[in-house]
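Here is the structure we will look at, set down as structure tokens.
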Amino acid sequence: MNITSLRTFIAIVDTGSLVRASQVLHVTQSTVTARLKTLEDALGQQLVNRQKSGVTLTPAGTKLLRYARIMTGLWRQAQYETALPAGLSSVCTFGCDRELWHGPGRAFFDGVVSGHPDMAVSVQQGSGRDLEDWLASGQVDVILTYDAITRGNQTVHPLPPEELVLYSDRPETPIDSDPRYVFVDHGEEYRRQHAETYHDAGIARISFDSSWWALQFLLERGGSAYLPRALAAPHVERGALHVLEAPVYLRKKNLIVTDTAAENWPWFDALVETLKAPLHA
């Protein structure tokens, strides 16, 4: 078994076919087929079912996929750390929830880049589950997430909660009955609180699971939606969005670091304190 075979397997799964995988990898279809067979022979298991419509995972393939992503990620990280450019002495691998990049994620990144010119920085975007797996496997050193699930060798640094505020492109937008309201899914706790507050409201015609996409929709087509204050603030300043007098919801944020990484970063605690300051709240 080798990394190339695992990467080929992941490409087959992500693209849904051996033909598209060969196009992504810039190799022939026969090469993709040979790599898949090598992997299946090494494991003694069939990994995918081939059909005219594409491929589907077998139970064995489903089990392997998670480990394949971890192993290829670790190999990529090992290559990155052992081949640092001249003048760089260390690396910080940072995993960030896509919703948290605007605000604390960018602030952490800027703090490392500007304060430590001898350090390389690698940033990866992922879901809460992805980030948890990456941190546990050593693929990243520190993550910014809404969750606070940790292992024994990790430390959680709670950050000021994210404020979810109701914005609209029209300052006189009705709060409870805006037909152009866009629902943004900010997690289970938010859904519960939102349902309690707006229990008489119907189901929104448009919904997103991304604050960024919802923001772009409002800026292009108008409407109202709950968005993170840090994300919407620049557009409020230029008059494109307006804050409505509505309940404000809070969503917890956590910076989680492996203890071994933090021990090698004497600057880390000071940077965390800056993220807790009102400017980044």
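Can you find a residue that is modelled with pLDDT of 95 or more, in contact with a helix residue (DSSP H, G or I) (Cβ under 9 Å, 6 or more places away or on another chain), closer than 18 Å to residue 172 by Cα and assigned by TED's automatic domain parsing to the domain that holds residue 168 anywhere in region 206-222? Yes, the conditions are met somewhere in region 206-222.
Mind checking whether some residue in region 207-228 is in contact with a Cys (Cβ under 7 Å, 6 or more places away or on another chain) and surrounded by 14 or more Cβ atoms within 10 Å (Cβ to Cβ)? No, region 207-228 contains no residue that is in contact with a Cys (Cβ under 7 Å, 6 or more places away or on another chain) and surrounded by 14 or more Cβ atoms within 10 Å (Cβ to Cβ).
Tell me whether region 270-278 contains one or more residues that are in contact with a helix residue (DSSP H, G or I) (Cβ under 8 Å, 6 or more places away or on another chain), surrounded by fewer than 17 Cβ atoms within 10 Å (Cβ to Cβ) and over 30 Å from residue 155 (Cα atoms). No: zero hits. Contact map, region 128-149: residues that are farther than 19 Å from residue 271 by Cα paired with residues that are aromatic (Phe, Trp, Tyr) and assigned to a loop (DSSP other than H, G, I, E, B), Cβ distance under 6 Å, separation 6+ or inter-chain. No pairs are found. Of all residue pairs spaced 6 or more apart or on separate chains, those with beta-carbon atoms under 6 Å, a first member in region 89-113 that is in contact (Cβ under 8 Å) with a residue 40 or more places away in the chain and a second member that is in a helix (DSSP H, G or I) and among the aromatic types (Phe, Trp, Tyr) are 95/134. Among the residues here, residue 121 qualifies as in contact with a Cys (Cβ under 7 Å, 6 or more places away or on another chain), more than 18 Å from residue 230 (Cα to Cα) and surrounded by 14 or more Cβ atoms within 10 Å (Cβ to Cβ).
The values are calculated or read from the model by the stated rules, or taken from the named source; none is laboratory data. Remember, it's a predicted structure, so these values are computed and weren't measured experimentally. Glycine gets a Cβ as well: all are built from the backbone with ideal geometry, and neighbour counts include every protein chain shown.
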